[in-house]
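A.B. asks: Sending over a structure as structure tokens; questions will come in a sec.
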Amino acid sequence: MMKILFVGQGTFRLTLDGGTTLLTDPWFKMNPIWRAVPPALAPGQVGMINFILASHNHLDHIDRPSLELAKMQGTTVVGSERVARRARRFGIKETVGMVPGDEKSFNTFSIKATPAFHPLARDAVGFLIRASGKQIYYCGDTRPDPVLISFLQQAGTTDLAFLQIACARYFGKDDGLNLQTAAELAKTFKPGIVVPMHHHGRFKEADPTKLTPLLAATDIETLVLKPGQEVEVFT
């Protein structure tokens, strides 16, 4: 069993079997210039966080309130190499910098860094989380790419995937996944469940319910969460 609490954008609190908590790409600040939908919770409302997973060192994927939370609670920060360096400079003692292919085991779960292709963050990674016999993919911020597809296909069965569905465009090209490309990516490695995310940024908004019909001809379930909603999966 795993609990998923959606805070907003790409921020989820995952409570694993046994109680270990992970917080993904935490972004708590509400700046109306950059954020269209406010976070459902403040840092002080998410409870004890054992691990923060940050896919790259952008302020909408790990911000100062997140670092302050990690420092106060003694949270381990796992992320790209630049994320780890920033966390160490901030005074966080437990940090793990990763590049694609790196794998780190903890007491009740493991994390493997996946390739990610984000033109404004060359060291970006995604994460494969393995816990209690389940595999969860968190894409972070990435364009679709044959290298990523091959990596996910070779990783074995993915039970749940958090996929970006909205992104910015630079010089006429997406800098990540949109609804269509998220659906196309999902079809290549066929996760059991897809949770759409990364659709609360200003000018990067999307309707997550529109992913469902794009996957209607597959066996992939779409799980759309509202900010503040918590659900149990793998029960």
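A.B. asks: Quick one: in segment 73-88, which of the residues that are assigned to a helix (DSSP H, G or I) and in contact with a helix residue (DSSP H, G or I) (Cβ under 9 Å, 6 or more places away or on another chain) is surrounded by the fewest Cβ atoms within 10 Å (Cβ to Cβ)?
C.D. replies: Restricting to residues being assigned to a helix (DSSP H, G or I) and in contact with a helix residue (DSSP H, G or I) (Cβ under 9 Å, 6 or more places away or on another chain), the top hit is Arg86.
A.B. asks: Looking at segment 52-63, is at least one residue more than 16 Å from the chain's Cα centre (by Cα) and either over 22 Å from Gln164 (Cβ atoms) or not acidic (Asp, Glu) (or both)? Walk me through it before giving the result.
C.D. replies: Initially, segment 52-63 is screened for residues more than 16 Å from the chain's Cα centre (by Cα), giving none.
No, that holds for no residue.
A.B. asks: Against the definition (more than 20 Å from Asn178 (Cα to Cα) and of a type in the set (Ser, Thr, Tyr)), how does Ser132 come out, yes or no?
C.D. replies: Numbers: more than 20 Å from Asn178 (Cα to Cα): yes; of a type in the set (Ser, Thr, Tyr): yes.
Taking the combined requirement at face value, the residue satisfies it.
A.B. asks: When you scan segment 199-211, do you find a residue that is hydrophobic (A, V, I, L, M, F, W, C) and closer than 23 Å to Pro100 by Cα, even just one?
C.D. replies: no
A.B. asks: Filter segment 195-215 down to the residues that are modelled with pLDDT of 95 or more and part of a loop (DSSP other than H, G, I, E, B), then identify the one that is farthest from the chain's Cα centre (by Cα). Before the answer, list the steps.
C.D. replies: Residues of segment 195-215 that are modelled with pLDDT of 95 or more, as a first pass: 195-200, 206-215.
Keeping just the survivors that are part of a loop (DSSP other than H, G, I, E, B) gives 198-199, 206-207, 215.
Working: His198: 9, His199: 12, Ala206: 17, Asp207: 18, Leu215: 20 Å.
Step by step, filter segment 195-215, then rank; the result is Leu215.
A.B. asks: So how many residues does segment 43-67 have that are surrounded by 15 or more Cβ atoms within 10 Å (Cβ to Cβ), out of contact with any Lys or Arg (no Cβ under 6 Å at 6 or more places or on another chain) and not polar (S, T, N, Q)? Outline the logic, then answer.
C.D. replies: Step one: list which residues in segment 43-67 are surrounded by 15 or more Cβ atoms within 10 Å (Cβ to Cβ), which gives 43, 46, 49-58, 60-63, 65-67.
Filter once more, keeping what is out of contact with any Lys or Arg (no Cβ under 6 Å at 6 or more places or on another chain): 43, 49-56, 58, 60-62, 65-67.
Filter once more, so that each one left must be not polar (S, T, N, Q): 43, 49, 51-54, 56, 58, 60-62, 65, 67.
The number of residues fulfilling the criteria is 13.
A.B. asks: When the residues of segment 196-209 are narrowed to those that are of a type in the set (A, V, I, L, M, F, W, C) and more than 13 Å from Val7 (Cα to Cα), which ends up surrounded by the most Cβ atoms within 10 Å (Cβ to Cβ)?
C.D. replies: Keep residues of segment 196-209 that are of a type in the set (A, V, I, L, M, F, W, C), which gives 197, 203, 206.
Now restrict to residues that are more than 13 Å from Val7 (Cα to Cα): 203, 206.
Numbers: Phe203: 11, Ala206: 20.
Top of the filtered list is Ala206.
A.B. asks: Then there's this: Just give me the residues in segment 149-181 being of a type in the set (Phe, Trp, Tyr) and farther than 20 Å from Thr114 by Cα, in sequence order.
C.D. replies: To start, the set of residues in segment 149-181 that are of a type in the set (Phe, Trp, Tyr) comprises 151, 162, 170-171.
Selection gives Tyr170, Phe171.
A.B. asks: Same structure again: Give the residues of segment 112-158 that are among the basic types (Lys, Arg) and within 16 Å of the chain's Cα centre (by Cα), sorted by residue number. Break it down stepwise before answering.
C.D. replies: Of all residues in segment 112-158, those among the basic types (Lys, Arg) come to 112, 122, 130, 134, 143.
Lys112, Arg130, Arg143 - these are the residues of segment 112-158 that are among the basic types (Lys, Arg) and within 16 Å of the chain's Cα centre (by Cα).
A.B. asks: How many residues are in contact with a Leu (Cβ under 9 Å, 6 or more places away or on another chain) and either over 18 Å from Asn57 (Cβ atoms) or surrounded by 18 or more Cβ atoms within 10 Å (Cβ to Cβ) (or both) when one looks only at segment 8-40?
C.D. replies: Qualifying residue count, segment 8-40: 17.
A.B. asks: Of Glu81, Glu103, which residue is among the charged types (D, E, K, R) and closer than 12 Å to Phe127 by Cβ? Can you show your working first?
C.D. replies: On the way: Glu81 fails: closer than 12 Å to Phe127 by Cβ.
None of the other options fit; the residue is Glu103.
A.B. asks: List the pairs whose first member sits in segment 165-177 and is closer than 23 Å to Pro213 by Cα, whose second member is part of a loop (DSSP other than H, G, I, E, B) and small (Gly, Ala, Ser), and whose Cβ atoms are under 6 Å apart, counting only residues at least 6 apart or on separate chains?
C.D. replies: Partner pairs satisfying both residue conditions: Ile165/Ala206; Ala166/Ala206; Cys167/Gly176.
A.B. asks: Inside segment 181-235, can you point out the residues that are out of contact with any Leu (no Cβ under 8 Å at 6 or more places or on another chain), of a type in the set (Ser, Thr, Tyr) and farther than 26 Å from Arg35 by Cα?
C.D. replies: Once the filter is applied, which keeps residues that are out of contact with any Leu (no Cβ under 8 Å at 6 or more places or on another chain), of a type in the set (Ser, Thr, Tyr) and farther than 26 Å from Arg35 by Cα, segment 181-235 yields Thr218, Thr235.
A.B. asks: Which of (1) out of contact with any strand residue (DSSP E or B) (no Cβ under 7 Å at 6 or more places or on another chain); (2) without any contact (Cβ under 8 Å) to a residue 24 or more places away in the chain; (3) buried (at least 16 other Cβ atoms within 10 Å of the Cβ) is the odd one out, the single condition Thr212 does not satisfy?
C.D. replies: Condition (1) is where Thr212 drops out.
A.B. asks: When segment 8-30 is examined, which residues are found to be in a strand (DSSP E or B), touching a helix residue (DSSP H, G or I) at 6+ places or on another chain (Cβ under 9 Å) and either hydrophobic (A, V, I, L, M, F, W, C) or farther than 17 Å from Leu69 by Cα (or both)?
C.D. replies: Listed by number, the list holds a single entry, Leu23.
A.B. asks: OK, next. Given (1) within 24 Å of Thr21 (Cβ to Cβ); (2) at pLDDT below 95, where does Arg122 come up short, assuming only one miss?
C.D. replies: In the conditions (1) within 24 Å of Thr21 (Cβ to Cβ); (2) at pLDDT below 95, Arg122 misses (1) alone.
The values are calculated or read from the model by the stated rules, or taken from the named source; none is laboratory data. Values in this document were obtained by computation on a predicted structure and should not be read as measured data. So basically every Cβ, Gly included, is an ideal-geometry build from the backbone, and we count neighbours across all protein chains shown.
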